[in-house]
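Working notes, beginning with the structure itself.
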Amino acid sequence: SASAAIPASSNESVDEGTSLTQEELVEPLQIGDQCMVRWRGGSEKLLASVVERRPLGLAALSRKRNRKQLHEAEVESDGFVNVKVDQIDYYVHYINHDRRLDEWVTLDKFDLSTLVRLAAEESSEPAKAATGTASDGALAIAPSGDDDEATTATATTAVSANSNTRRTRREKTRRSSSGAALTADNDGTAKPSNSVAALDFRMVGGGNWHGGTGDPSLAALEMEHEEMTRVKNISKIIMGKWEVEAWYFSPYPDEYTNEDTLYVCEFCLKYMKKPKTFRRHKAECPCRNPPGNEIYRNGNISVFEVDGKDERVYCQNLCLLAKLFLDHKTLYYDVDPFFFYIITEVDEMGAHIVGYFSKEKVSAEDYNLACILTFPQYQKCGYGKFIISLSYELSKREQKPGSPEKPLSDLGKISYRSYWTHVLLNLFAQQDGSENVSIKDISSITGIKTEDIISTLQSLNMIKCWKGQHVVFIKQDIIQNYMKQDKRIRLCESDYLNWEPHASRKKLSEHA
């Protein structure tokens, strides 16, 4: 089973509010209240903020599709008027920790002696509270009319931030005024209608969400995206022999959300909600590897290139699956402009997906990678560096230095800086000192863009500006110390790569 690592205890100090016990608590906890919570039900306590609430058992009702009881529970939960305080589930975010650790907890997990009410804080800042507003809606999954249909809605209606007007997430979505249809086939595959292509994808930049752009026209969309993806809608997935805990929200069709478990075929990536359907699909599925062309094979490692235009459903399913583990991804349906490179481990059963990266077919910024993911069950095995190195091998074949889509996440910066450092120091270790190699030459050899080379050398204190030009100062002690570490990194080996640039293929076909 793959799951998130246990976080370190929070060092946040908590203002001690009124010391309460569960029996003494009269009103339910409010969204925004902060309290120490026992993480995953263990002994460790972390400071957490309440993000969402629901009556205890609401998720089970949703899964059973008892619509009458579900509606009654939603109406009741709108103000939590008749719900006992110990009959409420709370979705909490652990402050100063990644959102993938967020979870639903019951009241007994809270240390109520540390409770800080949001209402108390708001009353101390009346002016701020009086003028505050929030937007709700972005890309949300709307409730389905029946068990065979679901819709994707885009809501742009602003709602008051006043706690008295808070509605359940499902009720907010129901009141959305505009939408684009997303239908679910009987085999459990979401297919967008033609109107999905008309959705406003100004937020999308090659598949990743870049919040905080500073663009006023996108500010509301950014807030909406943050709001509507705050609560995980799927708890875990079963994929092959692995049970994997989901980290983030993913916009699967409504009938597949709020499931404790989603079943995913590791070969065709179709998804199902019932184990019986999953077992039948595994017995009947003809696929044993990703679609597309196999472009790399070295031992049990195989890579397939998939055109998003030719294999839309597979690539859309891949994006939905990847969103469960990527916080800043918004590309789900418009996959045509991308190639997807699927990394697999091969055995007698087939080619099992390990991870992937996507790449724009045409990039004005010379990006050689848009989105990258190693699935949790295969992390810590060196595949991240392998995927990065593969993207640069393609750039070298294209004779066009590339760079990952910017801005990079904090973890992305660490991974890429580590890769760039490894490549550059190994290259310098092969030089005898008599050669005069320019940064442009280094870029041509490695496929790394000059600005990434310069930033890496600056971090190593191996570059200086002289007469208006960047001059590399090779420090042998740094190189020798690094080479002594003898780091074994899994990299793509060019000899096993059977791939020609698409521009070259077009030229050959035109001359043929």
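The values are calculated or read from the model by the stated rules, or taken from the named source; none is laboratory data. This is a predicted model, so every value here is computed, not measured. Every residue, glycine as well, gets a Cβ built from its backbone with ideal geometry; the counts of neighbours run over all protein chains shown. Please note that ligands, DNA and RNA were not included when accessible areas were found on the heavy atoms of the full protein model with its side chains. Shrake-Rupley method; radii C 1.70, N 1.55, O 1.52, S 1.80 Å.
Restricting to the stretch 462-478, name every residue that is in a strand (DSSP E or B) and open to solvent by 100 Å² or more (accessible area, probe 1.4 Å). Those that are in a strand (DSSP E or B) and open to solvent by 100 Å² or more (accessible area, probe 1.4 Å): Lys464, Trp466, Gln469.
With under 28 Å from Gln485 (Cβ atoms), surrounded by fewer than 19 Cβ atoms within 10 Å (Cβ to Cβ) and under 17 Å from the mean Cα position of the chain (by Cα) as the only criterion, which of Leu373, Leu411 stands out?
Numbers: Leu373 fails: surrounded by fewer than 19 Cβ atoms within 10 Å (Cβ to Cβ).
The conditions single out Leu411.
Without any contact (Cβ under 8 Å) to a residue 40 or more places away in the chain, hydroxyl-bearing (Ser, Thr, Tyr) and not in a loop (DSSP other than H, G, I, E, B) - does that describe any residue in the stretch 432-442? No: zero hits. Return yes when Asp327 is modelled with pLDDT under 95 and open to solvent by 10 Å² or more (accessible area, probe 1.4 Å) and no when it is not. Yes: the conditions hold for Asp327. Residues in the stretch 444-461 that are outside any helix (DSSP H, G or I) and touching a residue at least 40 places away in the same chain (Cβ under 8 Å) were compared, and the one that is most open to solvent (accessible area, probe 1.4 Å) is Lys449. Among the residues of the stretch 98-120, those that are part of a helix (DSSP H, G or I) and either in contact with a helix residue (DSSP H, G or I) (Cβ under 9 Å, 6 or more places away or on another chain) or open to solvent by 50 Å² or more (accessible area, probe 1.4 Å) (or both) comprise Arg100, Leu101, Leu107, Asp108, Lys109, Leu118, Ala119, Ala120.
Would you point out the residue of the stretch 268-285, among those that are hydrophobic (A, V, I, L, M, F, W, C) and open to solvent by less than 20 Å² (accessible area, probe 1.4 Å), that is farthest from Glu226 (Cα to Cα)? Reasoning before the result, please.
Taking the stretch 268-285 as the starting set, the residues that turn out to be hydrophobic (A, V, I, L, M, F, W, C) are 268-269, 272, 278, 283, 285.
Keeping just the survivors that are open to solvent by less than 20 Å² (accessible area, probe 1.4 Å) gives 268-269, 272, 278, 285.
Details: Cys268: 30, Leu269: 27, Met272: 27, Phe278: 32, Cys285: 37 Å.
Taking the candidates together, the pick is Cys285.
Residues in the stretch 490-509 that are open to solvent by less than 100 Å² (accessible area, probe 1.4 Å), under 28 Å from Ser438 (Cα atoms), at pLDDT 90 or above and not basic (Lys, Arg): Leu491, Cys492, Glu493, Ser494, Leu497, Pro501.
Taking the stretch 426-470 as the range and being among the small types (Gly, Ala, Ser) and within 24 Å of Lys484 (Cβ to Cβ) as the test, the residues that pass are Ala429, Gly433, Ser434, Ser459.
Do we find a residue being modelled with pLDDT of 95 or more, of a type in the set (A, V, I, L, M, F, W, C), under 27 Å from Asn233 (Cβ atoms) and in a loop (DSSP other than H, G, I, E, B) anywhere in the stretch 281-298? Looking for residues that are modelled with pLDDT of 95 or more, of a type in the set (A, V, I, L, M, F, W, C), under 27 Å from Asn233 (Cβ atoms) and in a loop (DSSP other than H, G, I, E, B), one finds at least one in the stretch 281-298, hence yes.
Take the conditions (1) open to solvent by less than 70 Å² (accessible area, probe 1.4 Å); (2) touching a Gly at 6+ places or on another chain (Cβ under 9 Å); (3) more than 26 Å from Ala246 (Cα to Cα); (4) modelled with pLDDT under 90; Ala142 misses just one of them, which is (3).
Tell me yes or no: at least one residue of the stretch 92-113 is under 28 Å from Glu226 (Cβ atoms), at pLDDT below 85 and not basic (Lys, Arg). Scanning the stretch 92-113 turns up no residue that is under 28 Å from Glu226 (Cβ atoms), at pLDDT below 85 and not basic (Lys, Arg).
Tallying residues that are assigned to a helix (DSSP H, G or I), more than 15 Å from Leu326 (Cβ to Cβ) and at pLDDT below 95 within the stretch 376-413 yields 1.
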